[in-house]
Amino acid sequence: MSDNSHIRILDPRLANQIAAGEVVERPSSVVKELVENAIDAGARRVEVELESGGARLIRVRDDGGGIDEDDLPLALSRHATSKIASLEDLEGVASLGFRGEALASISSVSRLELVSNTQDDPTGGWRVVVEGRRMEPRVTPSPHPRGTSVTVRDLFFNTPARRKFLRTEKTEFGHVEEAFRRQALSRLDVGWVLRHNQKTIHQLRPGGDLVGHERRLQALLGKGFLENALHLDLETGGLRLWGWVGLPTHSRAQADQQYFFVNGRVVRDRLVAHAIRQAYRDVLFHGRHPVFVLYLEVDPTVVDVNVHPTKHEVRFRDGRMVHDFLFSSLHRALGEARAGASAGGEAEEDEASEAGVATPGEASPQANEVREGTPQPAWQQQPMALHGRAEQGERKVSPDRVRAFMEGYRALHPEHEESLLTPQPAAPGAGGSAADVALAERQA
């Protein structure tokens, strides 16, 4: 048996780098982990600063509770956390981070320093870094206001294979901005700042009411989202669903404006996605995607967030109840909006008819008087199906019947298709246009 087959304890740095493979995928992953720590610390303002899309510099500063001097050496150690102490705490965890792997993993693939202060006195701050293969922490005094600043430089500098997978600066910053947008939407009551290469990209004030929430949505998703969205707030059986759902007329070609949060945690859950898709099934065209920003609040003990290392997936204890609640709430809200729009359209048609003004899709009264007694062509009498669905009482024509008809027509008139494809000479004395050729054929 060779030496490579013996069991050994992994080097701490290597173990952290292996864990980083699950947690740290790109700069946006680092931003997500650091921002979640800031929110868990009770921050009311979070600033994110980047250089070169985050590959050169990532700095996250918050005004939260900070970390004590005695706890700083453990802050960069694996499996060290202040958020859980027992299995009961894990089963009802309400914080965003709890594994205690993020800072240790990030520090193993970058040059990381953490400065924190738990006091109002700016001179009471402390700085911690890790050095050497054993990743020994070193703590030194460093002035800092109340809160924490985490600086990550030269991401993947010691893992060249991982660094090669980074994309261009523009692409990486796009991923970071999307991660920032998700976190800013998860906590509407927190102020946010995003800077890239010394340029302020987003500066969002905290919103404590509906007006402030809508101002945040408009800043991050655009004015069009807010103008074409319904606000809802429903609660039943210990479940509360609130947020904004887009009207069916405001769909998108890709699912880039879909945000769903469970107890403040952004998730991508199959059960949730299926419930929302079913609610929009009868009112949305095939291939289009709805837009929404929805918040589901449930008892932390009935949802398991310890499913995926990145904590993007959750598992509900009663998935059927959650699915039915989401589907019925959205289906009812969309149905009421559709009914209100139909009633509004009928009222507009009534007012237009009284005023003698033609509504869209209807001829004016004067035109109707002119057309009375005049036979209309068949193509004007038959309505055209614009949505690809047959109306009630109308029979669908299958593609197989159309194909069979065309094959039969070619068999009876084999020369017709050939004459259409063969250029015809212009008639003597006539022009070469299609109209002249047709006139010459009629005269012949």
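The values are calculated or read from the model by the stated rules, or taken from the named source; none is laboratory data. Only a predicted model underlies this, so the values are computations on that prediction, with no experimental measurement involved. Here the Cβ is made from the backbone with ideal geometry for all residues, glycine too, and neighbour counts use every protein chain on show. The area values use the complete protein model at the heavy-atom level, side chains included, leaving out ligands, DNA and RNA. Shrake-Rupley method; radii C 1.70, N 1.55, O 1.52, S 1.80 Å.
G222 is checked against (1) free of Cβ contacts under 8 Å to residues at least 24 places away in the same chain; (2) open to solvent by 50 Å² or more (accessible area, probe 1.4 Å); (3) at positive phi and fails just one. What number does that condition carry?
(2)
Step by step: first the residues of the range 334-347, then only those that are more than 15 Å from R277 (Cβ to Cβ) and in contact with a strand residue (DSSP E or B) (Cβ under 9 Å, 6 or more places away or on another chain), then the one that is modelled with the lowest pLDDT. Which residue is that?
Filtering the range 334-347 down to residues more than 15 Å from R277 (Cβ to Cβ) leaves 335-347.
Narrowing further to those that are in contact with a strand residue (DSSP E or B) (Cβ under 9 Å, 6 or more places away or on another chain): 336-337.
Numbers: E336: 86, A337: 81.
Taking the candidates together, the pick is A337.
Scan the range 181-196 residue by residue and report those that are touching a helix residue (DSSP H, G or I) at 6+ places or on another chain (Cβ under 9 Å), in contact (Cβ under 8 Å) with a residue 40 or more places away in the chain and either of a type in the set (S, T, N, Q) or open to solvent by less than 10 Å² (accessible area, probe 1.4 Å) (or both).
Q183, L185, S186, V190, W192, L194
Can you tell me which condition L296 does not meet? The list is (1) open to solvent by less than 20 Å² (accessible area, probe 1.4 Å); (2) at pLDDT below 90, and all the others hold.
Of everything listed in (1) open to solvent by less than 20 Å² (accessible area, probe 1.4 Å); (2) at pLDDT below 90, L296 misses just condition (2).
Which of the residues spanning the range 52-91 are free of Cβ contacts under 8 Å to residues at least 60 places away in the same chain, buried (at least 16 other Cβ atoms within 10 Å of the Cβ) and either basic (K, R) or at positive phi (or both)?
Within the range 52-91, just K83 meets the criteria.
Working carefully through the options A161, A179, find the one that is modelled with pLDDT of 95 or more and outside any strand (DSSP E or B).
Details: A161 fails: modelled with pLDDT of 95 or more.
Only one candidate passes the filter, namely A179.
Among D318, D304, D282, D350, which is at pLDDT 90 or above and open to solvent by 30 Å² or more (accessible area, probe 1.4 Å)? Working first, answer last.
Values: D304 fails: at pLDDT 90 or above; D282 fails: at pLDDT 90 or above; D350 fails: at pLDDT 90 or above.
Going through D318, D304, D282, D350 in turn, just one is at pLDDT 90 or above and open to solvent by 30 Å² or more (accessible area, probe 1.4 Å): D318.
Residues in the range 118-171 that are within 35 Å of the chain's Cα centre (by Cα), more than 20 Å from Q17 (Cβ to Cβ) and open to solvent by less than 20 Å² (accessible area, probe 1.4 Å): how many?
3
Within the range 197-279, considering only strands (runs of 3 or more DSSP E) that don't extend past its boundaries, which have at least 2 residues that are in contact with a helix residue (DSSP H, G or I) (Cβ under 9 Å, 6 or more places away or on another chain) and more than 30 Å from S52 (Cα to Cα)?
On the way: elements: 199-204, 229-236, 239-246, 258-262.
Filter on the range 197-279 gives 229-236, 239-246.
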